[in-house]
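Questions regarding the structure given below will be posed in turn.
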Amino acid sequence: MASSSELAGREPSAKEIRLVIAASSAGTVFEWYDFFIYGTLATLIAQAFFPADNETLSLLLVWAGFAVGFGFRPLGAILFGFLGDRLGRKYTFLVTVTLMGIATAGVGLVPSAESIGLAAPAIVLLFRILQGLALGGEYGGAAIYVAEHAPPEKRGYYTSFIQASVVGGFVLSILVVISCRLLIPAEAFNAWGWRIPFLLSIILLLISLWMRLKLSESPVFQAMKAEGKMSANPFKESFTYPGNHKRIFVALFGVTGILTTIWYTAYFSSLSFLRGPMKLEEGLVEALMLGTGLVSMAFYVWVGKWSDKVGRKLPILLGASMTLVLLFPIYWGLGALANPGLHESAERAPIVVRGADCRYDAFAEVQASECGKLLQDLTSLGVSYQVSGLATGGDYNPQTITIGNESFGYNLLADDTRKASVQGWLEDAGYSFERQSPPLANILGICALLLALGALAAFTYGSVAAVLTEMFPPRIRYSSMSIPYHIGAGYLGGFLPLIAGYIMATTGNAYAGLWYTWVVVAFGLAVAWWGLPNGPPRDFSDDLG
């Protein structure tokens with residue numbers, strides 16, 4: 001490949017661009033694999049590091065750990081954004097990918113909570129923090145590096161491979177898990193085999209470093225450095241540069257807030273929904289997510305290329321608007337196709353709970369009331385319910401659960417038999433708690449709906465690297481785009497599984513968590529409509545910014 005000085009003075013060749021895209025995208029796939037493998041194996045991580053009598057609490061603690069990693073992404077964006085604007089794009093994301101690989105492999109080596117107690121989750125959270133710091137510097141570096149090599153008329157197309165690579169990391173995490181399940185007996189995989197996908201991160205790290213070391217520095221950065229136009233303090237200047245307050249606000253809510261909540265709803269929420277409340281066979285869920293994820297990667301490339309013709313604003317507004325209209329219907333369709341028996345049972349025999357102090361605290365190890373304990377059992381069984389006021393009059397027992405036309409008293413049930421008793425009542429009413437394998441027609445319908453979610457994510461994500469690159473001046477670009485991107489992705493998106501899971505647990509409605517996505521996207525749509533520039537794509541300039 002040509003030297004950096006040569007690249008600074010001319011447009012890279014097609015061969016050089018291919019290497020830039022391939023190396024940047026591969027590194028992004030590997031780095032997001034490292035981050036997503038934690039979520040893909042959430043249930044087994046809960047058993048190993050966050051055991052609790054309250055199954056919902058155990059899983060929420062895993063998602064809290066997932067959120068912790070995201071919470072540190074903005075700090076990583078500040079740190080590595082500063083280094084990227086001062087030292088260069090290439091060497092900064094070499095550091096981030098190394099940090100990510102080491103931290104991910106570390107999770108696979110942590111002894112279980114049964115062996116070392118509370119030290120186990122504490123160490124896991126420390127590694128999640130390191131992963132969050134690394135990821136805070138990775139995306140900005142890879143996106144800017146490709147964007148600054150691309151000719152303006154192809155910037156959306158070339159950078160779309162970075163967005164597709166994020167899905168690639170998710171797909172790779174599922175592919176590795178499926179492969180390990182096929183090669184390792186189920187009992188052994190649940191006991192120790194789940195650690196192998198984490199340890200594989202070392203191999204992926206070596207491949208990524210080998211590819212990225214072949215790259216030269218961004219020609220834009222080289223030219224900027226040669227002309228003495230470097231920023232002395234990129235972080236400070238990100239908030240003092242004229243017009244940047246508006247740009248950062250729009251990038252945070254009108255771009256990142258939309259894309260990140262839709263993305264996690266499309267991939268992680270659907271994964272949890274299908275294998276959790278809908279009780280599909282785990283292997284089938286992983287196969288569905290693998291296949292639809294692979295196909296949906298092409299959507300990102302198409303959207304990025306399309307945005308080079310129509311501008312960056314239209315795809316984002318279109319994707320956000322369609323999400324507001326289609327999100328709930330798509331999930332209702334997934335529920336009806338994935339577990340039609342559960343859907344029919346819920347309509348034929350709805351569950352109504354009555355009792356004193358009838359509240360469920362998803363973060364409590366032990367519930368404060370008998371009714372709360374019952375709600376905990378219903379939540380862990382994955383069925384929807386409604387809470388009604390206390391019944392009064394006659395000899396009617398106010399501590400009741402009504403399933404269709406039948407009512408049962410639950411206040412005298414022992415803690416160790418209550419869940420089994422409730423499950424028996426539900427099964428007598430037609431509810432099934434076996435893992436589901438729906439017919440082929442239903443599976444094809446599920447695939448179509450998952451692809452629809454993937455398309456919604458692609459509309460709002462496919463051109464994001466291009467639009468963020470074009471929003472900010474080159475001298476502070478790494479910092480200025482990384483900070484709002486990772487605040488939005490870290491908090492609005494990273495906390496989505498935790499917040500949505502908590503809403504579902506406390507309402508007893510498997511679809512209630514979708515309201516979080518809907519509200520964030522609705523607000524983001526208004527901001528994007530107001531703040532994103534109209535018309536064809538344009539390079540940054542102060543009069544347009």
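What follows draws every value from the coordinates through simple rules; no lab data is involved. For clarity, every value in this text was computed on a predicted model and none was experimentally measured. Cβ atoms come from the backbone with ideal geometry, glycine included; neighbour counts cover every protein chain shown.
What's the local net charge at F459, with K and R +1, D and E -1, over the other residues with C-beta under 12 Å away?
Working: positive: R312, K313; negative: none.
Result for the neighbourhood of F459: +2.
Still on this model: Using Cα positions and a limit of under 21 Å, work out the lysines in reach of K279, with same-chain residues fewer than 8 apart set aside.
In chain and number order, the partners are K419.
Taking just the C-alpha trace of the chain, give me its Rg and Dmax in Å.
Gyration radius and largest Cα-Cα distance of the chain: 24.6, 91 Å.
Treat the count of other C-beta atoms within 10 Å as a stand-in for reagent exposure and order R181, R538, R247, R155 from fewest to most. All intermediate terms of the calculation are to be shown ahead of the outcome.
Values: R181 17, R538 13, R247 22, R155 26.
Listed from fewest to most nearby Cβ atoms, that is R538, R181, R247, R155.
Give the range of the longest stretch in the chain that excludes all GluC sites (Glu not before Pro) found in loop regions by DSSP and having at most 13 other beta-carbon atoms within 10 Å.
Numbers: sites that count: E227, E365, E434.
By the stated rule (loop sites, at most 13 other Cβ atoms within 10 Å), 1-226.
Something else: Once amide H atoms are built 1.01 Å from N in the peptide plane, which residues 5 or more positions from V387, or in another chain, come under 5 Å H to H?
Answer set, sorted by chain and number: V353.
FRET efficiency for L326 and R538, Cβ-Cβ distance as r, R0 = 25 Å, nearest 0.05?
Values: r = 31 Å, r/R0 = 1.24.
For R0 = 25 Å, the calculated efficiency reads 0.20.
Calculate the length of the line joining the C-alpha centroid of the stretch 278-324 to that of the stretch 133-153, in whole Å.
Going from one Cα centre to the other spans 21 Å.
Moving on. Sorted by average packing, counted as other Cβ atoms within 10 angstrom per residue and highest first, what order do 485-495, 457-467 take?
Details: 485-495: 25.3, 457-467: 29.8.
In decreasing order of mean packing, 485-495, 457-467 become 457-467, 485-495.
Quick test of the membrane-span-like rule: which DSSP H helices of the chain reach at least 30 Å along their long axis (C-alpha atoms) with mean Kyte hydropathy at least -0.5? Before the final figure, lay out the partial values.
Values: long enough: 14-40 (37 Å, 0.56); 119-147 (43 Å, 1.33); 155-183 (42 Å, 1.36); 282-310 (41 Å, 0.73); 313-338 (35 Å, 1.60); 440-461 (31 Å, 2.06).
Passing helices, by number: 14-40, 119-147, 155-183, 282-310, 313-338, 440-461.
Sequence-distant or interchain residues sharing an amide H contact under 5 Å with G513, placed H: which?
M504
Taking every DSSP beta bridge with both residues inside the chain, roughly what % is antiparallel (nearest 5)?
Looking only at bridges with both residues in the chain, the antiparallel portion is about 65 percent.
Which lysines does K309 reach when only Cα atoms under 30 Å apart count, and residues fewer than 8 places away in its own chain are ignored?
Output for K309: K15, K90, K154, K246.
Please identify every one of the chymotrypsin sites (Phe, Trp or Tyr not before Pro) in the stretch 164-231 that sits in a loop by DSSP and has no more than 14 other beta carbons within 10 Å of its own beta carbon.
Working: sites: F170, F189, W192, W194, F198, W210, F221; in loops: W192.
The qualifying sites are W192.
Amide H of Q436: which non-local residues (sequence gap of 5 or more, or other chain) have their own amide H closer than 5 Å, using H built in the peptide plane?
Amide H to amide H, under 5 Å and 5 or more residues apart or across chains, Q436 pairs with L280, E281.
Return the Rg/Rh value of the stretch 343-424, two decimal places, where both radii are evaluated on C-alpha atoms and Rh is the Kirkwood radius.
Working: Rg = 12.2 Å, Rh = 13.0 Å.
With Rg and the Kirkwood Rh in hand, the quotient comes to 0.94.
Okay, next question. Counting other Cβ atoms within 10 Å of each Cβ, which trypsin sites (Lys or Arg not before Pro) in the stretch 396-436 have at most 16 and sit in a DSSP loop? Kindly include the intermediate steps, with their values, before the conclusion.
Values: sites: R418, K419, R435; in loops: R435.
Taking the stretch 396-436 and a limit of 16 other Cβ atoms within 10 Å, the loop trypsin sites (Lys or Arg not before Pro) found are R435.
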